[in-house]
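The values are calculated or read from the model by the stated rules, or taken from the named source; none is laboratory data. These numbers were taken from a predicted model, which means no experiment stands behind them. Cβ placement follows ideal geometry from the backbone for every residue including glycine, while neighbour counts extend to all protein chains displayed.
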Amino acid sequence: GNSVTQMEGPVTLSEEAFLTINCTYTATGYPSLFWYVQYPGEGLQLLLKATKADDKGSNKGFEATYRKETTSFHLEKGSVQVSDSAVYFCALSDRASGTYKYIFGTGTRLKVLA
Amino acid sequence: EPEVTQTPSHQVTQMGQEVILRCVPISNHLYFYWYRQILGQKVEFLVSFYNNEISEKSEIFDDQFSVERPDGSNFTLKIRSTKLEDSAMYFCASSEGPGNTEAFFGQGTRLTVV
């Protein structure tokens, strides 16, 4: 079945450090891939998405590239800020497998220190 | 900007009581979802709903759960007889289309069963 695996957290970085959060997936078809962010006490917000291989999603300085050959969708940011502290969820949706649901990874908590 | 609205934001209920969680999806969306997140854990799919019927449900969504779209705007999740382990954050989501389209999430309802 389809699944998403994320790196374990928490990740603690100093402000302006480089961020990578790894995400790999297993899917039977050609899924769309998403990163959602959950700020403390809030719901899930879409951060970025990619719908086909080699697409790069980007938003607010975050980027992720859909790599079919390595089944990965790693999240990166060149210079993190304290305000980026949140939980980040990688997710996929694979309509080709006959399902409409989104499958989430376990989430990675990021803490950025000033 | 259109958004998914959930009420209440927090509900405390006694074990064995029925609860109804309410959601107003984005008006032109056709696909509706409920997810839950037990504190500190992953976001889990419960059910998807399209064309006035359940399109998919997870093994969590047993006979104690039901969903309904009672009118043109609301989408509800009912838990018939709550258990302690139902305590979680419940997220409603909606999307224009299935699979590769973005799902918009509400802020969540925190359900506490005592």
On the given criteria, is B:Ser48 over 27 Å from A:Glu8 (Cβ atoms), touching a residue at least 12 places away in the same chain (Cβ under 8 Å), in contact with an Asp or Glu (Cβ under 8 Å, 6 or more places away or on another chain) and facing chain A (nearest Cβ under 9 Å)?
-> yes
Of the conditions (1) within 22 Å of A:Ser93 (Cα to Cα); (2) surrounded by 14 or more Cβ atoms within 10 Å (Cβ to Cβ); (3) not aliphatic (A, V, I, L, M), the single one that B:Thr5 does not satisfy is (1)
Over segment A:38-65, the set of residues farther than 17 Å from B:Thr101 by Cα, surrounded by 19 or more Cβ atoms within 10 Å (Cβ to Cβ) and either within 11 Å of chain B (Cβ to nearest Cβ) or at pLDDT below 95 (or both) is A:Gln38, A:Gly43
Quickly run through segment A:10-24 and pick out the residues that are touching a strand residue (DSSP E or B) at 6+ places or on another chain (Cβ under 6 Å), under 26 Å from A:Asp94 (Cα atoms) and either within 14 Å of chain B (Cβ to nearest Cβ) or assigned to a loop (DSSP other than H, G, I, E, B) (or both).
-> A:Cys23
Hey, can you tell me all the residues within segment B:27-80 that are assigned to a loop (DSSP other than H, G, I, E, B), within 14 Å of the chain's Cα centre (by Cα) and either within 26 Å of A:Cys90 (Cα to Cα) or of a type in the set (Val, Ile, Thr) (or both)?
-> B:Ile38, B:Ser58, B:Ile60, B:Phe61
Among the listed residues B:Thr5, B:Thr112, B:Thr101, which satisfies the condition of being of a type in the set (S, T, N, Q) and within 10 Å of chain A (Cβ to nearest Cβ)?
-> B:Thr101
Among (1) touching a residue at least 24 places away in the same chain (Cβ under 8 Å); (2) more than 11 Å from every other protein chain (Cβ to nearest Cβ); (3) out of contact with any Phe, Trp or Tyr (no Cβ under 7 Å at 6 or more places or on another chain) - the single one B:Glu53 does not satisfy | (1)
